[in-house]
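Here the structure comes first, spelled out in structure tokens, and everything after it is commentary.
Read-outs: derived from the displayed coordinates by stated rules, not from any lab. It should be emphasised that the depicted structure is a prediction, and the values quoted were computed from it without experimental measurement. Neighbour counts are summed over all protein chains in view; Cβ atoms, including those assigned to glycine, are modelled from backbone coordinates with ideal geometry.
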Amino acid sequence: MPSSDYDSASLPDLLPLYYRRLFPFSQYYRWLNYGGVQKNYFQNREFSFTLKDDIYVRYQSFTTQNELEKEMQKMNPYKIDIGAVYSHRPSQHNTVKSGTFQALEKELVFDIDMTDYDDVRSCCSAADICSKCWTLMTIAIRILDRALRDDFGFQHLLWVYSGRRGVHCWVCDEAARKLSVAARSAVAEYLSLVKGGEETMKKVSLSDPIHPFIRESLLVVEQYFPRYGLQEQDILGRKESVDKVLGLVPEDVRKDLQQDFQNERKPEVRWKLIRDHATKKKAAGKKGHHFDKEIMLQYCYPRLDVNVSKGVNHLLKSPFSVHPKTGRISVPIDLKELDRFDPFAVPTISLICEELDRPRIGEEEEKAEDDKDKENEKDAAERRKIRDYKRTSLAKYVKCFDQFLDGIAQSRKGELLRKSDLQKDF
Amino acid sequence: MQFGSRRRKIINSAQTELYGHSVQFYGQPPLENISLTEFETFAVERLKLLKTVETLGVSFVKHSEQYSKKLESEFKNLNFPYRPETVSIEFEKRRKDHISHFILRLAYCQTEDLRRWFIQQEVDLFRYRFNDLPPKQKLEFLHRNNLQYDTISVEEKKALQDKLVNSSYAVSGITVEDQDFYKVPFQDALDLVRTRKVYLKAGYVYIPHQDIVTIVLNDFRTRLSKALALTARSLPAVHSDERLQPLLNHLSHAYVGQDYSIQKNVGKISLDQIDSLSGKSFPLCMRQLHQALRENHHLRHGGRMQYGLFLKGIGLSLEQALQFWRSEFIRGKVDADKFDKAYAYSIRHMFGKEGKRTDYTPYSCMKVILSNPPSQGDHHGCPFRHSDPELLKQKLQVYKVSPSGISQIEDSSFSLNHPNQYFVESQKVLGGGKDIKRETDPQQRSQENATTRASTAAQDTAAKDVAEMTEDLDSFFQDG
């Protein structure tokens, strides 16, 4: 699907169109309002905008959906970030007595960025991504989604493509939004297996017993490793790469493997040799026999930035925000189609704006309807807007978002019923 | 006479109830009157105890034999309760424990930093004492303090047996059979979750009775944290008592060593000195950061914070800092405009000129070692804790740390716990006109000694490897 040649210079023209006719405001408000159960939840939410010329404004807040729309249409932000729900309206934080303005709640979020894998991908580096290394994101989503649901009991997870080189996860359960800094950091640490900076060669170390969480994660990694690691990234093919991998096995095993590899060139066979050595070491009852698993994890396991997840007041890029460099919209990812997700097929703002102009069949009938409802103009405008995004590539992503919101609404209904049952007198 | 003793007996039975257990949650404040002398003595002695807890916690693996021995002797010296004996024997000590805790609350509730420190030491202290209790007394403590969690059925235990055994080194098949397992919401067991030492399912952790201490600790920490917040609100009333205010101030300042927050020698260092200073007087972590900055013309956030605050501590002014970072970043991918918009803000923030205007203090070694470990692309952290042994060895060789003999610096019991302290001491030595090379070596050594101690304190095996490694390095240097 063509992305209709995006040029960041055209943003000033495209953004007004985007915010006027395409941005899914009603769904957005439905999300952040969370059913209006908690007073002022939407009103006390912080947004931050990056405007033209890199002007950055924080502590934006809005009282209604309408106000949000009007402001965004006025400011045409290049980037939108979502922050925490505070104790007071963020836009009035200066009037509040010092020390009492506090961040109270926020979704638990995760940010997986491809640059954190630069030491283990050979196809790209820095801001670049390709279909080969995108598998890393697929693996990350599978592992983290399972863990957050099965281990932590969270149910309402929104996975979003960041627009360039990563994915974000928004955990929206009520329990998640109420987590303390310590709890968020504990969750992030539980999910972290790859540790170490530039100066560390071996970033994963496993010891017995292997925790069920690690076992489950390995199941996912093992699914993708043969094709992703051995074929696409060819980690056991090129010499520098082989040396790096062998640097992760114990010294005695390394010497043997170096010899073996002189006679064996096929990556799949080389990998089998490594695994066999691990099995041997385990059978001999020696320690440090998990190196095959450690290799797979170092090359594939999700790397998340704990600092992003820790802070209750941390600002994170909003879903449906535009990425100024690529023009791509930060769209929700449908996990049912995860293996087929292609970041290069994600619509850009230029594409969807162009799609707005494409003529549609049956447009005359709709025009007649419009004339009928001339008294209720707002309604007609609303309907037109709904029809607007529906005729673009954005449609399926908004639908995905709708399904996510339906799920939250269902849970909320169930919870209210339960609470009212408890309160009934029998 | 009789009247007096009868009165004493009545008080004793009420206090027996309060002090019936050697360990307590400090839920109820003391209600009696005490003299000012006792007030001061109790407070100072508890502070000494807490400082010992802190130092021992960094120098030794917590709950190792050495740690326990040293802590117990400190209990004895300062006359704090450490034995679960009967009330009558330990009454005075428990009373002191109770009162001194509450006095220190007054001193340590005032700022975020003070609260954090106080809570950390009290939690460590509590952990030590609770762990020391025999099992029956542990149960008794739980019941006294209303910690009720549900146990899981025998069938559920059987079904989860493998997972339970594989989740924790300490849980065997026998443990699962013999002990009750409690289902606890994960938010109440964060330490176990963070280190992945427990089985977690659908938001609940499954804890054998023997491990209930972690839960108790969490509870203790939460209660104390809330209590401190409340205490802070009643402070004005306390401070209005002139007898107490000077003492409380003295107590809360006693815990911080030099924190290098007050800038001395502002502007005495010029930017073109930094390169040579980094070779002569910067500790290894800062030298590494400086080099990475020069090479890549960029540093990530963690590195900017650690290095930027260090530079502030050695005397760079805000204008100098802006110039320094700007000129370096411009050489990289950042243009002047972008720097002014994006990065300048955070530098001004460091100097307390933006946002909530906190004048951030340069990180101590403890902070560098224990918080925000570096990940891919980062250059911050402590090389003695966060680097690969091989790489660290290489680096030290490159920096020409040659094995050197004794020097006056070493003799002067110089213990390092802050990067800026390293800088100051190094400059002092260099300023004294001594031979440069010889002097920096022992500096490097004692720094490495300090971090060896700090490294051995960490509880995961990775840190133990580092400890072994630094001991090897030590002997490497001694062998010439």
The stretch A:1-104: trypsin sites (Lys or Arg not before Pro) in DSSP loop, at most 10 other beta carbons within 10 Å
A:K39, A:K97
Sparse-neighbourhood loop sites, trypsin sites (Lys or Arg not before Pro) in the stretch A:216-245 - DSSP loop, at most 16 other Cβ within 10 angstrom:
A:R238
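Can you compute the FRET efficiency between B:V238 and B:K69 using 1/(1 + (r/R0)^6), with r the Cβ-Cβ distance and R0 = 41 Å? Round to the nearest 0.05. Display every interim value, and only then the final one.
On the way: r = 37 Å, r/R0 = 0.91.
E between B:V238 and B:K69, to the nearest 0.05, is 0.65.
How much length is gained if the chain between A:R20 and A:N94 is pulled fully straight, taking 0.36 nm per residue apart and subtracting their Cα-Cα distance, in nm to one decimal? It would help to have the intermediate numbers written out before the result.
Numbers: separation 74, 0.36 × 74 = 26.64 nm, distance 3.08 nm.
The span from A:R20 to A:N94 would gain 23.6 nm if fully extended.
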Between A:D256 and B:Q120, what FRET efficiency comes out of the Förster formula 1/(1 + (r/R0)^6) with R0 = 35 Å and r the beta carbon distance, rounded to 0.05?
0.15
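How large is the charge dipole for the stretch B:147-212, taken about the Cα centre, if only the Cβ atoms of Lys, Arg (+1) and Asp, Glu (-1) carry charge, to the nearest 20 debye? Intermediate values should be presented prior to the final figure.
On the way: 8 positive and 10 negative charges, 65 e Å.
Taking the Cα centre of the stretch B:147-212 as origin, the dipole is about 320 debye.
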Amide H contacts of A:E105 (H built 1.01 Å from N, under 5 Å, at least 5 apart or other chain):
A:V85
Compute the whole-percent fraction of alpha carbon pairs in the stretch A:2-48 spaced more than 18 Å apart.
52
With each pseudo-label sitting 7 Å past Cα toward Cβ, what's the B:Q245-A:R412 distance in nm, one decimal?
5.1
What would the Debye formula give as log10 I(q)/I(0) at q = 0.18, 0.23, 0.30 Å⁻¹ for the alpha-carbon point model of the stretch A:62-114, no solvent?
-0.83, -1.04, -1.14
Listed with the fewest Cβ neighbours within 10 Å leading, A:L144, B:L36, A:L51 appear as B:L36, A:L51, A:L144
Integer Hz, Karplus 6.51/-1.76/1.60 couplings in order for the stretch B:53-58, x for Gly and Pro:
4, 5, 5, 4, x, 8
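What FRET efficiency, computed as 1/(1 + (r/R0)^6) with R0 = 45 Å and r the Cβ-Cβ distance, is obtained for B:S153 and B:A229, rounded to the nearest 0.05? Please report the intermediate quantities before stating the final value.
On the way: r = 39 Å, r/R0 = 0.87.
Efficiency for this residue pair is about 0.70.
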At a 10 Å Cβ-Cβ cut-off, how would you order B:H250, B:H379, A:H88, fewest neighbours first?
B:H250, A:H88, B:H379
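Kyte-Doolittle mean at least -0.5 and Cα extent at least 18 Å along the axis: which DSSP H helices of chain A qualify? If you can, show how the numbers build up before the last one.
Working: long enough: A:131-146 (23 Å, 0.49); A:212-225 (19 Å, 0.53); A:251-263 (19 Å, -1.97); A:267-283 (24 Å, -1.29); A:377-390 (20 Å, -2.31); A:395-423 (42 Å, -0.59).
Answer set is A:131-146, A:212-225.
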